[in-house]
1. Determine which single condition residue 179 fails, assuming it passes every other condition in (1) closer than 25 Å to residue 45 by Cβ; (2) at pLDDT below 95; (3) outside any loop (DSSP other than H, G, I, E, B); (4) over 16 Å from the mean Cα position of the chain (by Cα).
2. What single numbered condition from (1) surrounded by fewer than 14 Cβ atoms within 10 Å (Cβ to Cβ); (2) at pLDDT 85 or above fails to hold for residue 205?
3. Select from the stretch 149-170 the residues that are open to solvent by less than 50 Å² (accessible area, probe 1.4 Å) and out of contact with any Cys (no Cβ under 7 Å at 6 or more places or on another chain) and list them in ascending order.
4. From the list 38, 51, exactly one residue is open to solvent by less than 60 Å² (accessible area, probe 1.4 Å), modelled with pLDDT of 90 or more and of a type outside the set (A, V, I, L, M). Which is it?
5. If a residue has to be in a strand (DSSP E or B) and either open to solvent by less than 80 Å² (accessible area, probe 1.4 Å) or of a type in the set (Val, Ile, Thr) (or both) to count, how many in the stretch 54-64 make the cut?
6. Residue by residue through the stretch 134-148, note down the ones that are within 19 Å of residue 165 (Cβ to Cβ) and open to solvent by 10 Å² or more (accessible area, probe 1.4 Å).
7. Just to be sure, is residue 101 touching a strand residue (DSSP E or B) at 6+ places or on another chain (Cβ under 6 Å) and small (Gly, Ala, Ser)?
8. Tally time: how many residues in the stretch 67-94 are assigned to a strand (DSSP E or B) and open to solvent by less than 20 Å² (accessible area, probe 1.4 Å)?
Amino acid sequence: MKTCIKIALLFFIVSTSIFAQPLVNVSLQKNSSLTITGTTNVVSFKIFQNGDKLSNKKMSFTTTQNQNKIALSDNKLSVIVKDFTSNNKMALRDFLKLLKSETYPTLLVQINYLDLDSSTDKTESNGGNAVVSITITGVKRHYMIPISFDSDGDTYFIKGKKKLSIRDFGLTPVSQMMGLIKVSEWIDIDFNMICKIKVTNTEEI
């Protein structure tokens, strides 16, 4: 799902020196957001979570690079399902029920690797793809998510959006009012991650 989401915090490498094994320290800022948009045959709805609600907002890991492809060591962004909110209380209730929030209180996002655009023109926004693993209700699936990113000093702004089917995770769309209102299986995951990133050469540690 961005993010995870927060999902994709690490596209700073384009604008840093290349180390053999850089140690990356990421601090997610509270202005970040993760939004899930769904639709019914009547209306659309949004369920969202702000950055100050996201768990493990600080992460450290190493990276290795092969041309424009950057692999990340073990990293996970944990999202507490019950921390989502919405102006549509009925949609939120059904969302928590669908994701079995009592049994599976968190969903996980892990960035496997980044495949960055080859352009080095830093006067324009950078972009590429993030290959991520998303785990919902204990079911893990892999996705390629287009991303864009910019930076201002050590602060990085990462955006991405992905349409996926909840059936990928063995989930069935809910219906309401004896089937008169039907929820689509398709959702859009939209993440806007703002983070501070520090890179240290592991040979210097």
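The values are calculated or read from the model by the stated rules, or taken from the named source; none is laboratory data. Predicted model, so just to flag it, every value in this text is computed and none were measured. Please note: Cβ atoms are built from the backbone with ideal geometry, for glycine as well, and neighbour counts cover all protein chains shown. Ligands, DNA and RNA are excluded from the accessible area calculation, which covers all protein heavy atoms including side chains. Shrake-Rupley method; radii C 1.70, N 1.55, O 1.52, S 1.80 Å.
1. Single failed check for residue 179: (3).
2. The single condition residue 205 does not satisfy is (2).
3. Our first condition is that a residue be open to solvent by less than 50 Å² (accessible area, probe 1.4 Å); within the stretch 149-170, this holds for 149, 155-156, 158, 160, 164-166, 169.
Within the stretch 149-170, 149, 155, 158, 160, 164, 165, 166, 169 qualify.
4. On the way: 51 fails: modelled with pLDDT of 90 or more.
Going through 38, 51 in turn, the sole match is 38.
5. Qualifying residue count for the region: 6.
6. Narrowing the stretch 134-148 to residues within 19 Å of residue 165 (Cβ to Cβ): 134-146.
Those that are within 19 Å of residue 165 (Cβ to Cβ) and open to solvent by 10 Å² or more (accessible area, probe 1.4 Å): 135, 137, 138, 139, 140, 141, 142, 143, 144, 146.
7. Details: touching a strand residue (DSSP E or B) at 6+ places or on another chain (Cβ under 6 Å): no; small (Gly, Ala, Ser): yes.
When the stated conditions are applied, residue 101 does not pass them.
8. Within the stretch 67-94, the first condition is being assigned to a strand (DSSP E or B), and the residues that meet it are 69-72, 77-80, 85.
Adding the requirement that they be open to solvent by less than 20 Å² (accessible area, probe 1.4 Å) leaves 70, 77, 79.
Going through the stretch 67-94 one residue at a time, the tally reaches 3.
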